[in-house]
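Q: Quick one: structure below, then a few questions.
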Amino acid sequence: QAGEQVAAPLDDVTFIQRAPKVPSVTLNVYSLPAVNACLNATSAIFLLAGYAFIRRGIVPLHRSCMVAAFLCSSVFLYLYVYYHLHVGIVRFTGQGWIRPVYFTILITHTTLAVIIVPLVLVTLTRALRSQFDRHRRIARWTLPAWLYVSVTGVVVYWLLYRAYPPGMAAINSLRGLR
């Protein structure tokens, strides 16, 4: 624990030294959208790197990148569900031409997000079972869909929380404040 005294034996003498203070980082449910956007961006980077490695025939690095992308996406999915179970729906506040643009991106993102879950699981399973011909056939569909979902996830976050953030009244009502 930070700030605790720790006894450190040295030969036959015991010195008391203070453990260094570690700055604390507090995450609450309202910081999860930003965390999720970072997970989506990281997943996209791993997907692109994994693709580049397999195109160059560097299978171990491809495998590592794809597993890392899968882990990022899995943590994202858990945190996304957790967030929405605790916060509910966050309404898009943008008006005018951006509204149909946002909802087009959101609908395609959400539809493909549902579709890629089994695609990713089948693709990874085939690779882990060394069924590389079958893995390659489905990966041609999985990679672009997964990449689209990862990138548009960041776009949806930016539009919903940064470019057109919900008003303070909406945020306070989400938090149960008046």
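Please treat every number below as a calculation from the coordinates, not as lab data. The structure displayed is predicted, hence computed values, not measured ones. Note that each Cβ is placed from the backbone with ideal geometry, even for glycine, and that neighbours are counted across all protein chains shown.
Q: Considering the dipole of region 45-178 built from charges on the beta carbon (Lys and Arg +1, Asp and Glu -1) around the Cα centre, which of Val155, His62, Phe103 is farthest to its positive end?
A: Positive-end residue among those listed: His62.
Q: Follow-up. Tell me the label-point distance for the pair Asn28, Arg134, using the 7 Å Cα-to-Cβ offset, in nm and rounded to one decimal.
A: Between Asn28 and Arg134, the label points sit 4.9 nm apart.
Q: How big is the Kirkwood radius of region 74-173, worked out from every pair of different alpha carbons and given in Å to one decimal?
A: Here the Kirkwood hydrodynamic radius works out to 15.4 Å.
Q: Can you give me the convex hull volume of the Cα atoms of region 120-167, divided per residue and expressed in Å³?
A: 62 Å³
Q: Subtract the Cα-Cα distance of Arg56 and Ala145 from 0.36 nm times their separation in residues, and report this length gain in nm to one decimal.
A: Full extension from Arg56 to Ala145 adds 29.9 nm.
Q: Still on this structure: Filter the chymotrypsin sites (Phe, Trp or Tyr not before Pro) in region 83-148 to those in DSSP coil with at most 14 other Cβ atoms within 10 Å of their Cβ, and list the result.
A: Loop-located and lightly packed - Trp97.
Q: Residue by residue through region 81-87, which ³J(HN,Hα) values in whole Hz follow from phi under the Karplus form 6.51 cos²θ - 1.76 cosθ + 1.60 (θ = phi - 60°), with glycine and proline marked x?
A: So the Karplus estimates, Gly and Pro as x, are 5, 4, 4, 6, 5, 8, 10 Hz.
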